[in-house]
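Colleague: Sharing a structure, written as structure tokens. Questions coming.
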Amino acid sequence: MLVTMKELLDEAHIGGYAVAAPNVWDEFSIVASLKAAEELNAPIILDYNKIMSDDIMRFGKIAIMLSESAKVPVAINLDHGRSYDICLQAIRAGFTSVMIDRSTLPYKENVKEVKEVTEIAKRLGVTVEAELGHVGQGSNYAQDGVNALTDPMEAVRFVEETGIDALAVAVGTAHGAYKGTPHIDFERLKELRKSVSIPLVLHGGSSTGDELLNKAVECGICKVNLSTDLLVAGTETFNECMKDEKMGVMFFAQQAFIQGFKDKLCHYIKIFMSDNKA
Ligand SMILES: [Zn+2]
């Protein structure tokens, strides 16, 4: 069933677990994500990123159709919406949540642009996620892993001034594969958890490591975004299948992709302790 992301995250907040948010872009990645969630009876957030597929209306139709018939609660979220317009498009396409990411702007401008989105989204019953501090790229980890981490006192102000429902925090993770060893500033995360009243989101889950991710959830993270690891797992099983003389046709390879993606996501759902929480 289709629900808002706020419902899922508020329950995770109380229950002490995190909902997995895989990046999805088409029917196959959605099916793989829903299969994993149903297999483990877990809530799930379908995280759509415009970089991976441009046709947001088409995506919305497919995602809504598949989510409505799912046996577990599903939220459809816009990942890293960079403008008011793209957030409005996502709302028109039927998403139940949007992330407005203006985290590279100075504080005041970030607040102003996020507020514009929360004002309209709240009236329409759509959840809003925003980012303070900035989660960078794993390929530039020496700088991005320590620069622009979220300040707990500023985070309190940001949540009050914007009226958002979930806050993405920069505590040491980064997007994509890491060049170097990932580390998380757990003291900062604990401080954020103590001072901020809404659910916290961790971006850049891939290749951070099971132990660090599990500890981050225990310290108060309620949503973990995943992309690279699921893509790599799906691509590996896809390629293996294509090499097989008897199985090397698109139909079987697509099923193999779904299987590899799904298995990896199941692994993470357990790490995030959201299995049997649907
Ligand atoms: Zn992200």
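Colleague: Probe radius 1.4 Å, ligands and nucleic acids ignored: give me the carbon and sulfur share of the accessible area of the chain as a rounded percent.
Modeller: C and S fraction of accessible area: 53 percent.
Colleague: What is the mean projected area of the alpha carbon convex hull for the chain, to one decimal in square nanometres? Intermediate results must be reported in sequence, preceding the final value.
Modeller: Details: hull surface 54.0 nm².
Its Cα hull, projected and averaged over all orientations, spans 13.5 nm².
Colleague: Tell me, in nm to one decimal, what length is gained between Met153 and Asp244 on full extension, where the rule is 0.36 nm per residue of separation less the Cα-Cα distance? Don't skip to the end; give the middle numbers.
Modeller: Working: separation 91, 0.36 × 91 = 32.76 nm, distance 5.60 nm.
Result: 27.2 nm gained on full extension.
Colleague: Along the stretch 189-205, what does the Karplus equation 6.51 cos²θ - 1.76 cosθ + 1.60 (θ = phi - 60°) give for ³J(HN,Hα), rounded to whole Hz, x for Gly and Pro?
Modeller: Calculated HN-Hα couplings, in order: 4, 4, 5, 4, 4, 5, 8, 9, 8, 9, x, 9, 10, 10, 8, x, x Hz.
Colleague: Tell me, what is the percent relative contact order of the chain, built from C-alpha pairs under 8 Å that lie six or more residues apart?
Modeller: It rounds to 22 percent for the chain.
Colleague: Which net charge results for the neighbourhood of Thr208, defined as the other residues with beta-carbon distances under 12 angstrom from its beta-carbon, given Lys and Arg at +1 and Asp and Glu at -1?
Modeller: -2
Colleague: Could you give the angle, 0 to 90 degrees to the nearest 10, between helix 5-15's Cα long axis and the longest principal axis of the Cα atoms of the chain?
Modeller: 80
Colleague: Sticking with this structure for a sec: Lys/Arg Cβ at +1, Asp/Glu Cβ at -1, dipole of the stretch 105-251 taken about the Cα centre: which of Val249, Leu189, Val135 is farthest positive-ward?
Modeller: Leu189
Colleague: Another one. With every protein chain present, what is the per residue accessible area of the stretch 5-271 (1.4 Å probe, Å²)?
Modeller: 43
Colleague: Mind checking the full-extension length gain between Met65 and Ser197? Use 0.36 nm per residue of separation minus the Cα-Cα distance, one decimal, nm.
Modeller: 44.2 nm
Colleague: Exactly which GluC sites (Glu not before Pro) in the stretch 212-278 are in a DSSP loop and have at most 14 other Cβ atoms within 10 Å?
Modeller: Those satisfying the criteria are Glu245.
Colleague: Here's a follow-up. Return the long-range amide H neighbours of Arg102 (sequence gap of 5 or more, or a different chain), with a cut-off of under 5 Å between placed amide H atoms.
Modeller: Glu131
Colleague: Right, another one. Quick check: the angle from helix 27-39's long axis to the longest principal axis of the chain, C-alpha only, nearest 10 degrees?
Modeller: Approximately 80 degrees, to the nearest 10.
The values are calculated or read from the model by the stated rules, or taken from the named source; none is laboratory data. Values in this document were obtained by computation on a predicted structure and should not be read as measured data. As a convention, Cβ positions derive from the backbone with ideal geometry for all residues, glycine included, and neighbour counts pool all protein chains shown. These accessible areas exclude ligands, DNA and RNA; they are computed on the full protein's heavy atoms, side chains included. Shrake-Rupley method; radii C 1.70, N 1.55, O 1.52, S 1.80 Å.
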